[in-house]
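Asker: Following this message is one structure expressed as structure tokens.
The values are calculated or read from the model by the stated rules, or taken from the named source; none is laboratory data. Just so it is clear, the model here is predicted, and its values are computed rather than measured. Here the Cβ is made from the backbone with ideal geometry for all residues, glycine too, and neighbour counts use every protein chain on show.
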């Protein structure tokens with residue numbers, strides 16, 4: 001039976017509509033055609049027996065290396081076969097009429113075998129195929145075609161073809177009926193050109209330059225191009241604990257995550273297009289759904305999401321169940337989502353000098369003023385509502401940062417008055433007996449989110465509250481140079497270290513003037529990235545294995561922000577969001 005890969009073995013190919021995940025052994029374990037949130041037709045990542053796959057086999061096939069062409073999503077993987085070389089090029093054409101997976105095989109030293117199985121609905125539906133000649137198949141219920149340079153053989157659900165020694169070859173799983181080898185060069189050229197345009201929207205120069213560019217690629221691969229929405233991750237139900245139940249669907253545009261991602265990019269070199277798309281996504285989603293305030297997340301096409309969960313009869317990744325589609329947090333109240341939008345908008349306005357979508361932004365500020373006194377579900381989307389300190393701290397800072405752009409002085413003063421009331425609430429209710437920022441009002445515990453208070457400008461790195469908080473985090477949540485978060489409803493020591501939060505700590509230490517500590521944390525995070533620079537949500541510090549959905553855009557943006565903070569600190573500058 002097919003073996004599920006380590007998460008760190010996976011690479012991503014994307015056409016900024018959907019994506020596929022390719023392991024080092026050239027097996028494709030995940031593919032969602034046309035939409036990131038579409039039912040996967042290749043899903044062995046979630047069930048090695050039921051899920052579809054695309055496997056490549058040969059005698060003495062040894063993985064050597066892999067890399068992307070330039071900063072595109074065209075992945076080249078290099079193998080040895082009996083002492084000779086083989087290159088497999090995988091891509092999903094970008095900016096072309098046809099959508100799909102194109103695989104190119106350089107001349108093979110000995111016979112190379114390809115085996116495919118496509119199954120609808122994440123592996124739960126068997127598929128029939130129609131033979132349209134020796135080198136072409138059609139899957140009616142999937143509306144997909146398989147075009148190939150070599151004869152295709154069908155045996156039940158399994159499809160195979162062989163490339164004989166000395167020959168090269170190709171195969172294209174696509175939504176178009178007509179295709180031939182003469183179109184390959186054009187697909188490569190157009191795809192490279194379009195990725196170059198995507199690449200030009202944002203750049204970075206400085207320490208950890210290659211690693212930051214890897215993270216930029218990861219973010220750009222996870223953008224749904226028609227709306228500009230950035231999904232949290234490409235996958236569903238990859239576990240935060242192997243064999244555990246914390247397996248979620250992350251193929252949505254989380255407002256908090258999108259705001260933090262955009263704010264990290266806004267602080268480096270951008271053309272402004274990314275920032276405008278972020279604002280347009282929010283405004284478009286609210287208008288489309290007739291909303292007065294934002295949902296905590298949306299589908300990739302800006303629709304609100306039902307909290308209904310569908311559990312799939314699949315074995316899961318390494319027997320981790322449940323496997324589920326949908327996310328029950330859809331109707332939660334997450335005050336920090338609105339707050340982070342304001343913080344990000346202030347950065348965008350400051351950088352661009354243009355105040356756009358003000359009706360939406362002003363409405364969000366008004367909503368925060370009316371509702372900050374309510375309990376919410378917090379940044380970790382706990383089912384237990386509390387007066388989470390981080391939600392209120394971000395709300396206060398968001399109001400302070402956006403008020404200068406309000407032309408009506410009375411309204412601006414009301415926003416600032418509310419910010420002052422929130423700060424007063426925190427000082428009176430959200431400080432532990434040891435003088436640290438509590439997880440929530442009345443708690444004696446602390447959480448990693450407090451590390452963000454400094455780069456966001458809510459507090460200074462050397463305040464008594466911040467120093468006490470960091471000390472408590474180091475005592476109770478550090479694993480070497482990495483950190484766990486605090487959860488109310490789950491023992492976080494059972495999950496991996498939280499990589500985004502570890503980056504926040506690196507950023508804090510850079511602002512606090514402890515550059516060696518900042519660097520050691522960044523190095524520890526990057527040591528867990530795979531050979532292509534990808535990171536998932538968490539990691540096991542003992543085994544080094546990545547955990548959780550992949551690739552996690554929240555982590556990659558946090559890394560970019562922390563590295564930029566480290567870079568500025570090296571040059572004697574601050575990376576604090578200011579008025």
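Asker: Are any residues in the range 252-287 outside any helix (DSSP H, G or I) and surrounded by fewer than 23 Cβ atoms within 10 Å (Cβ to Cβ), and if so, which ones?
Answerer: Result: 267, 268, 269, 270, 271, 272.
Asker: Return yes or no: is residue 145 crowded, with 18+ Cβ neighbours inside 10 Å, closer than 24 Å to residue 314 by Cβ and modelled with pLDDT of 95 or more? Lay out the reasoning, then the answer.
Answerer: Numbers: crowded, with 18+ Cβ neighbours inside 10 Å: yes; closer than 24 Å to residue 314 by Cβ: no; modelled with pLDDT of 95 or more: yes.
When the stated conditions are applied, residue 145 does not pass them.
Asker: In the range 58-86, which residues are surrounded by 17 or more Cβ atoms within 10 Å (Cβ to Cβ) and either more than 30 Å from residue 194 (Cα to Cα) or in contact with a strand residue (DSSP E or B) (Cβ under 7 Å, 6 or more places away or on another chain) (or both)?
Answerer: 58, 61, 66, 68, 73, 74, 75, 77, 79, 81, 86
Asker: Another question, if that's okay. Please verify whether residue 117 is crowded, with 20+ Cβ neighbours inside 10 Å, more than 30 Å from residue 560 (Cβ to Cβ) and assigned by TED's automatic domain parsing to the domain that holds residue 17, treating the condition exactly as stated.
Answerer: Answer is yes for this residue.
Asker: Can you name every one of the helices (runs of 4 or more DSSP H) wholly within the range 321-413 that holds 1 or more residues which are surrounded by 19 or more Cβ atoms within 10 Å (Cβ to Cβ) and in contact with a strand residue (DSSP E or B) (Cβ under 8 Å, 6 or more places away or on another chain)?
Answerer: 335-352, 389-402
Asker: Out of the residues in the range 441-467 meeting the condition of being part of a helix (DSSP H, G or I) and buried (at least 18 other Cβ atoms within 10 Å of the Cβ), tell me which one is farthest from the chain's Cα centre (by Cα).
Answerer: In this case the residue turns out to be 465.
Asker: Identify all residues within the range 421-437 that are over 20 Å from residue 340 (Cβ atoms) and within 32 Å of the chain's Cα centre (by Cα); write none if there are none.
Answerer: Across the range 421-437, the qualifying residue is only 436.
Asker: I'd like the full set of residues that are surrounded by fewer than 21 Cβ atoms within 10 Å (Cβ to Cβ) and not in a strand (DSSP E or B), limited to the range 475-484.
Answerer: 475, 476, 480, 481
Asker: So is residue 290 at pLDDT 95 or above, assigned to a helix (DSSP H, G or I) and out of contact with any helix residue (DSSP H, G or I) (no Cβ under 9 Å at 6 or more places or on another chain) or not?
Answerer: no
Asker: For the range 538-576, which positions are within 13 Å of the chain's Cα centre (by Cα), in a loop (DSSP other than H, G, I, E, B) and over 26 Å from residue 70 (Cα atoms)?
Answerer: 548
Asker: Something else about it: Could you please give the count of residues in the range 157-196 that are farther than 13 Å from residue 96 by Cβ, free of Cβ contacts under 8 Å to residues at least 60 places away in the same chain and not in a loop (DSSP other than H, G, I, E, B)?
Answerer: Selection size over the range 157-196: 8.
Asker: Would you confirm whether any residue within the range 500-508 is farther than 19 Å from residue 449 by Cα, modelled with pLDDT of 95 or more and either more than 19 Å from the chain's Cα centre (by Cα) or crowded, with 24+ Cβ neighbours inside 10 Å (or both)?
Answerer: Scanning the range 500-508, I find no residue that is farther than 19 Å from residue 449 by Cα, modelled with pLDDT of 95 or more and either more than 19 Å from the chain's Cα centre (by Cα) or crowded, with 24+ Cβ neighbours inside 10 Å (or both), so the answer is no.
Asker: Let me ask you something else. Listed residues 560, 576; which is assigned by TED's automatic domain parsing to the domain that holds residue 343 and either in contact with a helix residue (DSSP H, G or I) (Cβ under 9 Å, 6 or more places away or on another chain) or buried (at least 16 other Cβ atoms within 10 Å of the Cβ) (or both)?
Answerer: None of the others qualify; the one that does is 560.
Asker: When you check residue 304 against the structure, is it in the same structural domain as residue 376 (by TED's automatic domain parsing), closer than 27 Å to residue 324 by Cα, outside any helix (DSSP H, G or I) and touching a residue at least 24 places away in the same chain (Cβ under 8 Å), yes or no? Outline the logic, then answer.
Answerer: Working: in the same structural domain as residue 376 (by TED's automatic domain parsing): yes; closer than 27 Å to residue 324 by Cα: yes; outside any helix (DSSP H, G or I): yes; touching a residue at least 24 places away in the same chain (Cβ under 8 Å): yes.
Answer is yes for this residue.
Asker: Would you be able to tell me the number of residues in the range 48-82 that are out of contact with any helix residue (DSSP H, G or I) (no Cβ under 9 Å at 6 or more places or on another chain) and either assigned to a loop (DSSP other than H, G, I, E, B) or more than 17 Å from residue 102 (Cα to Cα) (or both)?
Answerer: Qualifying residue count, the range 48-82: 14.
Asker: Would it be correct to say that residue 422 is surrounded by fewer than 17 Cβ atoms within 10 Å (Cβ to Cβ), part of a helix (DSSP H, G or I), in the same structural domain as residue 267 (by TED's automatic domain parsing) and at pLDDT 95 or above?
Answerer: Numbers: surrounded by fewer than 17 Cβ atoms within 10 Å (Cβ to Cβ): no; part of a helix (DSSP H, G or I): yes; in the same structural domain as residue 267 (by TED's automatic domain parsing): yes; at pLDDT 95 or above: yes.
For residue 422, the condition - surrounded by fewer than 17 Cβ atoms within 10 Å (Cβ to Cβ), part of a helix (DSSP H, G or I), in the same structural domain as residue 267 (by TED's automatic domain parsing) and at pLDDT 95 or above - is not met.
Asker: Picking from 45, 21, 97, 86, which residue would you name as being assigned to a strand (DSSP E or B), over 19 Å from residue 149 (Cβ atoms) and assigned by TED's automatic domain parsing to the domain that holds residue 173?
Answerer: Criteria check complete, one pass: 21.
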